[in-house]
Amino acid sequence: MKNIITTILLLVATTSIFAGGPWPQKKGKGYFKLSEWWVVFDQHYTDAGRIDPNITTGVFNTSLYGEYGITDRLTAIINAPLISRNYNNNLVSLTTNEVLIQGESINTIGDIDLSFKYGLTSHSNFPISISLLLGLPTGTTGGGTLGNLQTGDGEFNQMIQLDAGSGFKIGKTNAYISSYLGFNNRTREFSEEVRYGVEAGAGLFNSKLWLVGKLNVIESLKNGSTAESVTSTSLFANNSEFSSLAIEANYYITDKVGISVSAAGAIRGEIIAAAPSYSFGVFYDMNK
Amino acid sequence: MKLNIAIFALLIISLNSCIENDYIDDFVEPVLRINNPIDTLGINESYQFSKTYFNNVGLQENIEATWESSNENVISISQDGLAQALSLGNSLISVTVNSEDLLLTTSFSLEVGSSTAESIQKVSGVITTTSSYVLEGDFIIQQEQGGIAINIADNYKASTALPGLFIYLSNNPNSVSGALEIGPVEVFNGAHSYQVDNVSLNDFSYLLYFCKPFNIKVGDGRIE
């Protein structure tokens with residue numbers, strides 16, 4: 001279940017025609033976003049893919065996301081949860097009204113992702129890029145009295161990803177579609193993962209409002225450890241996987257500054273939260 | 001102005017993450033149990049019975065009890081549960097408590113014979129899942145010197161997907177509050193056993209399996 005928390009962070013990824021996808025930033029340009037992302041869940045998908053209850057758990061991340069063009073083809077990307085909060089509710093007896101298990105919380109920095117994206121094609125109508133992502137275990141694991149609170153998964157991971165997409169017009173409306181395929185190699189006996197997804201967006205009102213829809217999938221290779229193969233008291237669940245749908249709206253308040261809202265939820269999963277996640281952010285886009 | 005509102009909204013969202021209460025329905029019918037019943041009491045011998053009362057959440061409470069013998073000519077019993085075999089025959093031994101205007105009585109038939117004979121030394125049950133996680137198997141609990149042995153049968157299976165799966169003895173199938181933690185589950189398939197010291201056969205009603213870190217009940221087995 002620890003993975004429930006860390007994996008659901010992936011349900012919403014910052015992407016638009018100006019950030020993410022196969023499009024590198026131009027040299028000296030960038031895209032930055034300060035956002036709040038959260039999920040509160042009292043049920044989860046089990047290893048059989050069914051939904052079971054759990055004590056209400058919340059994760060709130062205040063994150064800084066940034067892309068910056070080092071060259072026209074090479075972009076550096078950081079996704080840093082500057083404040084990550086994980087809590088469990090109190091468990092209270094309905095019969096006696098006594099608190100049976102005290103709720104707890106931790107507030108720390110979360111796991112930071114650093115990545116570099118390189119555009120394999122330049123000035124193409126069908127851009128393709130390759131990315132290397134390094135997931136740094138800067139968050140906390142094993143927090144709280146029972147060791148069940150976390151703001152990171154405690155493992156270093158490296159993911160290589162291919163992105164491809166295309167920008168086009170529907171009448172006078174700018175639009176795009178992109179997809180990705182990645183392989184995530186994880187340490188500390190976590191299962192490796194294949195990740196893929198597709199998204200499409202359209203810029204309305206002279207591209208002041210971008211509406212985006214996404215499908216993200218993580219397939220676990222289930223080649224990591226389980227409670228049986230490591231210590232029996234290990235808190236590390238493994239083999240989480242899901243398919244999620246997300247919708248996102250980005251609205252430019254000024255030429256460069258805008259707000260972003262999104263919602264995402266798993267439509268299928270194993271060992272993952274069965275509740276929607278939300279985000280709200282303010283972005284600064286140097287490309288406009 | 002719009003940007004200020006957006007940043008203010010960010011702050012509000014980030015602060016709206018307080019710990020609240022989850023409620024669990026942990027009511028169980030109160031139980032009065034004789035801890036050390038016997039089948040036969042030897043003539044002219046005495047035997048100290050004891051009882052335990054478990055309240056409506058399965059927690060032990062010390063409350064005053066009344067002991068009675070239906071045939072005082074065969075067995076006499078004091079108010080602290082000390083029985084004396086006076087003549088050959090049978091008598092119904094009863095213990096009663098009064099908890100919050102609820103009279104609860106437990107009784108059993110006791111024979112006076114040539115020597116004292118212990119009661120049952122073995123109980124059993126079936127572990128079943130109460131979740132979507134795999135958990136099943138039979139078990140037998142045997143009284144041993146200084147404690148009990150819980151023997152899980154070879155038809156036992158448990159999911160390895162949950163971290164921190166623990167096994168408990170409890171008198172409430174829905175809560176580990178007040179339960180005796182036996183320890184972490186280390187075997188997920190096949191026969192194995194647990195030795196639990198300072199516990200007798202009649203102390204608990206359920207085997208419980210909980211994912212301890214996340215307080216998820218996985219399954220249980222009623223001790224019959």
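The values are calculated or read from the model by the stated rules, or taken from the named source; none is laboratory data. Keep in mind the model is a prediction, meaning the values are calculated, not measured. All Cβ positions, even for glycine, are placed from backbone atoms using ideal geometry, and neighbour counts span all protein chains on display.
The residues of the range B:32-86 that are among the charged types (D, E, K, R) and part of a strand (DSSP E or B), listed by number, are B:Arg33, B:Asp39, B:Lys51, B:Glu61, B:Glu68.
Conditions tested, residue by residue: (1) of a type outside the set (Val, Ile, Thr); (2) at pLDDT 95 or above; (3) in a loop (DSSP other than H, G, I, E, B); (4) closer than 21 Å to B:Phe214 by Cβ.
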{"residue": "B:Ser124", "(1), (2), (3), (4)": "yes, yes, no, no"}
{"residue": "B:Gly137", "(1), (2), (3), (4)": "yes, yes, no, no"}
{"residue": "B:Ile148", "(1), (2), (3), (4)": "no, yes, no, no"}
{"residue": "B:Asp154", "(1), (2), (3), (4)": "yes, yes, yes, no"}
{"residue": "B:Ala161", "(1), (2), (3), (4)": "yes, no, yes, yes"}
{"residue": "B:Leu169", "(1), (2), (3), (4)": "yes, yes, no, yes"}
{"residue": "B:Asn172", "(1), (2), (3), (4)": "yes, yes, yes, yes"}
{"residue": "B:Val176", "(1), (2), (3), (4)": "no, no, yes, yes"}
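Of everything in the range A:108-121 that is small (Gly, Ala, Ser) and closer than 18 Å to A:Gly20 by Cβ, the residue that is surrounded by the fewest Cβ atoms within 10 Å (Cβ to Cβ) is A:Ser115.
Looking at A:Lys172, A:Lys222, which is the one that is within 14 Å of chain B (Cβ to nearest Cβ), surrounded by fewer than 19 Cβ atoms within 10 Å (Cβ to Cβ) and at pLDDT below 95? Before you say what the answer is, go through the steps one by one.
Working: A:Lys172 fails: within 14 Å of chain B (Cβ to nearest Cβ).
Exactly one of A:Lys172, A:Lys222 is within 14 Å of chain B (Cβ to nearest Cβ), surrounded by fewer than 19 Cβ atoms within 10 Å (Cβ to Cβ) and at pLDDT below 95, namely A:Lys222.
A:Asn97 satisfies every condition listed in (1) out of contact with any helix residue (DSSP H, G or I) (no Cβ under 6 Å at 6 or more places or on another chain); (2) part of a strand (DSSP E or B); (3) within 14 Å of chain B (Cβ to nearest Cβ) except (2). Out of all the residues in the range B:191-199, is one or more surrounded by fewer than 15 Cβ atoms within 10 Å (Cβ to Cβ) and assigned to a loop (DSSP other than H, G, I, E, B)? Yes; the residues of the range B:191-199 include at least one that is surrounded by fewer than 15 Cβ atoms within 10 Å (Cβ to Cβ) and assigned to a loop (DSSP other than H, G, I, E, B). Return yes or no: is A:Gly182 more than 14 Å from chain B (Cβ to nearest Cβ) and farther than 29 Å from A:Gly142 by Cβ? Criteria not met by A:Gly182. Of all residues in the range B:146-167, those satisfying the criterion of being more than 14 Å from chain A (Cβ to nearest Cβ), of a type outside the set (S, T, N, Q) and in contact with a Ser or Thr (Cβ under 9 Å, 6 or more places away or on another chain) are B:Gly147, B:Ile148, B:Ala149, B:Ile150, B:Ile152. Scanning the range B:57-78 for residues that are more than 14 Å from chain A (Cβ to nearest Cβ) and either more than 12 Å from B:Ser91 (Cβ to Cβ) or touching a His at 6+ places or on another chain (Cβ under 6 Å) (or both) returns B:Gln60, B:Asn62, B:Ile63, B:Glu64, B:Ala65, B:Thr66, B:Ser78. Does B:Val176 satisfy the condition of being farther than 26 Å from A:Leu100 by Cα and not polar (S, T, N, Q)? So B:Val176 fails the test. A single entry from A:Val230, A:Val198, A:Val212, A:Val217 fulfils the requirement of being within 30 Å of A:Asn88 (Cβ to Cβ), hydrophobic (A, V, I, L, M, F, W, C) and modelled with pLDDT of 95 or more: A:Val217. Would you check which residues across the range B:51-66 are surrounded by 15 or more Cβ atoms within 10 Å (Cβ to Cβ) and on the phi < 0 side of the Ramachandran plot and list them? Scanning the range B:51-66 gives B:Lys51, B:Thr52, B:Tyr53, B:Phe54, B:Asn55, B:Asn56, B:Val57, B:Leu59, B:Ala65.
Conditions tested, residue by residue: (1) among the acidic types (Asp, Glu); (2) within 30 Å of B:Asn215 (Cα to Cα); (3) within 24 Å of the chain's Cα centre (by Cα).
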site: A:Arg85; (1), (2), (3): no, yes, yes
site: A:Val92; (1), (2), (3): no, yes, no
site: A:Ile101; (1), (2), (3): no, yes, no
site: A:Asn107; (1), (2), (3): no, yes, yes
site: A:Leu114; (1), (2), (3): no, no, yes
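Filtered by the rule that a residue be within 20 Å of A:Gly69 (Cα to Cα) and of a type in the set (Val, Ile, Thr), the range A:96-150 gives A:Ile112, A:Thr121, A:Ile128, A:Ile130.
Among the residues of the range A:145-196, those identified as touching a residue at least 60 places away in the same chain (Cβ under 8 Å), in a loop (DSSP other than H, G, I, E, B) and under 17 Å from the mean Cα position of the chain (by Cα) are A:Gln150, A:Thr151, A:Gly152, A:Asp153, A:Gly154.
For the range B:186-196, the count of residues that are more than 14 Å from every other protein chain (Cβ to nearest Cβ) and under 15 Å from the mean Cα position of the chain (by Cα) is nonzero.
Total residues in the range B:168-178 satisfying the condition of being crowded, with 18+ Cβ neighbours inside 10 Å, within 12 Å of chain A (Cβ to nearest Cβ) and in contact (Cβ under 8 Å) with a residue 40 or more places away in the chain: the figure is 4.
Quick check on A:Asn97: is it surrounded by 17 or more Cβ atoms within 10 Å (Cβ to Cβ), over 22 Å from the mean Cα position of the chain (by Cα) and over 27 Å from A:Gly197 (Cβ atoms)? Give the derivation first.
Details: surrounded by 17 or more Cβ atoms within 10 Å (Cβ to Cβ): no; over 22 Å from the mean Cα position of the chain (by Cα): yes; over 27 Å from A:Gly197 (Cβ atoms): yes.
Taking the combined requirement at face value, the residue does not satisfy it.
Looking across the range A:31-50 at every residue that is in contact with a Gly (Cβ under 9 Å, 6 or more places away or on another chain) and of a type in the set (A, V, I, L, M), the one that is farthest from B:Asn21 (Cα to Cα) is identified as A:Leu34.
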